[in-house]
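A short reminder: the numbers here are calculations on the coordinates, not readings from a lab. Being a predicted model, the structure only gives us computed values, none of them experimental. Every residue, glycine among them, receives a Cβ derived from its backbone with ideal geometry; neighbour counts consider all protein chains shown.
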Amino acid sequence: MIDIDNLVRENVKTLIPYSCARNEFTGSDGTFLDANENPFGSLNRYPDPYQRKLKEGISRIKNVPENSIFLGNGSDEIIDLCFRIFCKPGSDSVLTFSPTYGMYEVAAAINDVRLVTVPLNDDFQIDTGKTMKALKDPSLKLVIICSPNNPTGNSMRAEDIEIIIRNFRGIVLIDEAYGDFSKQKSFRNMINTCLNLIVMQTFSKAMGMAAARIGMAFMNPALVGYFNKIKPPYNISTINQVAAVKCLSRFEMVNTRIRLILKERERLAQALEKITIIEKVFPSDSNFLLVRTGNADKVYSELIDNNIIVRNRNRIIPGCIRITVGTKKENDRLLSALRKISI
Ligand SMILES: Cc1ncc(COP(=O)(O)O)c(C=O)c1O
């Protein structure tokens, strides 16, 4: 049995958190003279620090109890908080599987935590042999698995993820930012049995709300307590909480758009395969496609000249660019520009 408290940095355990003015009163029709707010206006009050209404909606849709949900100012805030709660600067380390989402490395550098990377194999899957060896390092406190992975687009094999969860006694963070585009089942149902597991999702991708900056993390309630302890008190604005609640109330539209994106992903992949400068279109479980060309830098800059912006991944996966699936019109514009490029 894993003792969660043992995974947390000593200073976080002993920290006395900032206490919001309204922690003790949860009603809405009081006479609020406690937080030095302005009595006039419509956005004059501080947001609900625990986003209760939004968590109610998320709980219904994701089938996770409200007390197992933590919300961050984007998943990026949750990633940073994971480093701050579980990794001691200057001595602890974190494991990721390269190539992967760049913010893990940035968060490690900001927090002065050593980044250990195990390269994905030729199929962009986890090399479990090398990983098992890496898990033995006593300084390792956090393993981050991005599935589906950015920028490769594929999901990690569920069996390999389970091996890591079973064999590591630190925190396992699974980043499922693109999970709603994937055929693979979410790991969020395992948080009840795996106390060291955190599953992260976001409003930024399938939910279409990147501007609202809301990341979700599902985990054991005892872990949620530590996140609440160190987060900035009002980390999600009222405007964004309200927008997200509205998005959840129209979930049928979200699902319709996911289906549209998936249909376009297949059409785009097939059309890209027929273009001579495209050498390979990698299988995708996400809302983007990784493609290899003979000259990624040239393709990237010629697309820019046509006001089409894709992501040049040449430095981390030679010859590759990453293309987000857009609307039919946007994808057609991309396809016709690519057909004109010669390398
Ligand atoms: C794998 C992955 N995780 C997290 C994020 C960031 O998500 P958010 O917008 O919730 O901060 C991204 C953004 O591209 C991503 O690719």
Note down the net charge around ILE278, summing +1 for each Lys or Arg and -1 for each Asp or Glu among other residues with Cβ under 11 Å from its Cβ. +2
Determine which residues of segment 191-213 fall in the zone a paramagnetic label at ASN255 would reach in this model, i.e. backbone nitrogen under 15 Å from the point 7 Å along Cα→Cβ. 207
If the cut-off is 28 Å between C-alpha atoms, which lysines fall inside it for LYS340, apart from same-chain ones fewer than 8 positions away? LYS263, LYS274, LYS280, LYS298, LYS328, LYS329
When the chain is modelled as a GNM with alpha-carbon springs shorter than 10 Å, which of GLY30, GLY319, GLY208 fluctuates the most? GLY30
So which lysines can LYS130 reach, going by Cα to Cα under 22 Å and dropping same-chain residues fewer than 8 places off? LYS141
Asserting the computed 222 nm helical MRE of the chain (DSSP H runs at least 4 long, -39500 (n - 2.57) per run, divided by residue count, to nearest 500) equals -10500 deg cm²/dmol
Using a simple spin-label model with points 7 Å from Cα along the Cα→Cβ vector, what separation in nm is obtained for LYS329 and ASN307? 1.2
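Which loop-located trypsin sites (Lys or Arg not before Pro) does segment 192-265 contain, where loop means any DSSP state but H, G, I, E or B and the Cβ has at most 10 other Cβ atoms within 10 Å?
Hits after loop and neighbour filter: ARG250.
Rounded to the nearest 5, what % of DSSP beta bridges with both residues in the chain are antiparallel?
Taking every DSSP beta bridge within the chain, about 50 percent pair in antiparallel fashion.
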Residues THR293, THR152, THR31 arranged by fewest to most Cβ contacts within 10 Å: THR31, THR293, THR152
What do you get for the angle between helix 221-230 and the principal long axis of the chain? Use alpha-carbon atoms, 0 to 90 degrees, nearest ten. 90
Name the most mobile residue of ALA212, ALA35, ALA108, meaning the one with the largest mean-square fluctuation, in a Gaussian network model of the chain with Cα contacts below 10 Å. ALA35
When a footprinting reagent is the concern and you count Cβ atoms within 10 Å, what order do MET132, MET253 take, fewest first? MET253, MET132
Can you give the local net charge around LEU140? Use residues other than it whose beta-carbon is closer than 13 angstrom to its beta-carbon, Lys and Arg +1, Asp and Glu -1. +4
Report, in degrees rounded to the nearest 10, the 0 to 90 angle that the Cα long axis of helix 75-86 makes with the longest principal axis of the chain. 60
Can you tell me how the chain classifies by the Cα gyration tensor, rounded, prolate or oblate, using a/c under 1.5 as the rounded cut? oblate
In degrees, nearest 10, range 0 to 90: what is the angle between the Cα axis of helix 238-249 and the longest Cα principal axis of the chain? 60
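Among the listed pairs LYS62/LYS246; LYS183/LYS229; LYS136/LYS183, give every one whose C-alpha distance is greater than 26 Å. Walk me through the numbers on the way to the answer.
Working: LYS62/LYS246 16 Å; LYS183/LYS229 35 Å; LYS136/LYS183 32 Å.
Over 26 Å Cα-Cα: LYS183/LYS229; LYS136/LYS183.
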Would you mind counting up the charge near ILE321? Only other residues with Cβ under 9 Å from its Cβ, with Lys and Arg at +1 and Asp and Glu at -1. +4
Within 10 Å of each residue's Cβ, count the other Cβ atoms and sort PHE25, PHE251, PHE124 from fewest upward. PHE25, PHE251, PHE124
